[in-house]
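Asks: Sharing a structure, written as structure tokens. Questions coming.
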Amino acid sequence: MPLWGQVELLCRAIAEEGRSEAESALSQAEAEAQRILTEAREEAEKELEGELLARRSAAYAEAKRIVDSAELEARKRILTFREQVVSEAFEALQARLQRFKREPGYADFLMRALAEGVERVSGKAFVVELGGDDLELLAANARKWAEDRGLALELRPQAYLEGGLRVYAGDRHLLYDNSLSARLRRNEDDLRREIWRRVFGGDRESS
């Protein structure tokens with residue numbers, strides 16, 4: 001074979017080998033690019049999924065905060081309304097006690113208040129303070145009651161007492177306040193609970 005034919009064959013072989021290597025390199029490059037693209041897509045999807053999850057969590061937390069805040073505000077308003085109702089009922093009860101002073105049973109109440117005070121203070125000599133009108137109402141019965149029991153009883157008017165009475169031991173070292181205002185204070189918690197129960201049908205603690 002002539003030399004030029006051999007050279008042509010050699011050139012063809014080199015060209016063929018170069019083409020094959022180029023195609024192989026191109027195929028590898030395409031595969032690598034596809035791999036990189038796939039990994040990038042998967043990473044982007046993971047990041048997107050994480051972002052969506054974070055946003056959903058944040059939205060849920062915000063929604064829960066809004067609901068909790070609304071529920072708390074509603075409970076506060078309900079409690080405020082109930083406290084207002086109880087306070088109004090308590091004020092009505094106080095007004096009722098003042099009207100009680102004009103009823104026939106009030107004189108009997110004063111005697112019971114006196115007997116309770118004497119029992120609580122104990123002794124043989126007592127000072128009793130009460131309003132001027134109440135003193136006139138109680139005086140005769142109180143003195144007879146004390147005489148029957150061998151007790152010394154001094155009745156003193158006090159303008160600031162608006163109902164009921166205060167019993168001191170003779171030396172004034174002991175006092176039992178049985179005025180209407182003091183009796184109301186002593187029983188205030190029980191009275192409020194009873195008003196709450198009657199108006200709202202349950203104890204405050206369980207409402």
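The values are calculated or read from the model by the stated rules, or taken from the named source; none is laboratory data. Note that the coordinates shown come from a computational prediction; the quantities given were computed from them, not determined experimentally. Using ideal geometry, Cβ is built from the backbone for each residue, glycine included, and neighbour counts are taken over all protein chains shown.
Asks: Scanning for something in the same structural domain as Leu110 (by TED's automatic domain parsing), more than 26 Å from Arg96 (Cβ to Cβ) and loosely packed, with under 14 Cβ neighbours inside 10 Å, does the stretch 172-194 turn up at least one residue?
Replies: Checked against the condition, which is being in the same structural domain as Leu110 (by TED's automatic domain parsing), more than 26 Å from Arg96 (Cβ to Cβ) and loosely packed, with under 14 Cβ neighbours inside 10 Å, the stretch 172-194 yields at least one hit.
Asks: Looking at (1) surrounded by 15 or more Cβ atoms within 10 Å (Cβ to Cβ); (2) outside the structural domain of Leu175 (by TED's automatic domain parsing), which one does Phe109 not meet, given that it meets all the others?
Replies: With respect to (1) surrounded by 15 or more Cβ atoms within 10 Å (Cβ to Cβ); (2) outside the structural domain of Leu175 (by TED's automatic domain parsing), Phe109 is out only on (2).
Asks: Suppose we keep only residues that are touching a helix residue (DSSP H, G or I) at 6+ places or on another chain (Cβ under 7 Å) and part of a strand (DSSP E or B) within the stretch 176-189. Which one would you say is farthest from Val118 (Cα to Cα)? Reasoning before the result, please.
Replies: Filtering the stretch 176-189 down to residues touching a helix residue (DSSP H, G or I) at 6+ places or on another chain (Cβ under 7 Å) leaves 176, 178, 180, 184.
Next cut, part of a strand (DSSP E or B) only: 176, 178.
Working: Tyr176: 8, Asn178: 10 Å.
So, considering only residues that are touching a helix residue (DSSP H, G or I) at 6+ places or on another chain (Cβ under 7 Å) and part of a strand (DSSP E or B), the one farthest from Val118 (Cα to Cα) is Asn178.
Asks: Contact list please: Cβ distance under 8 Å, first residue in the stretch 143-162 and in a loop (DSSP other than H, G, I, E, B), second residue buried (at least 16 other Cβ atoms within 10 Å of the Cβ) and of a type in the set (Ser, Thr, Tyr), pairs at least six apart or on different chains.
Replies: Filtered contacts from the stretch 143-162: Leu161/Ser179; Glu162/Ser179.
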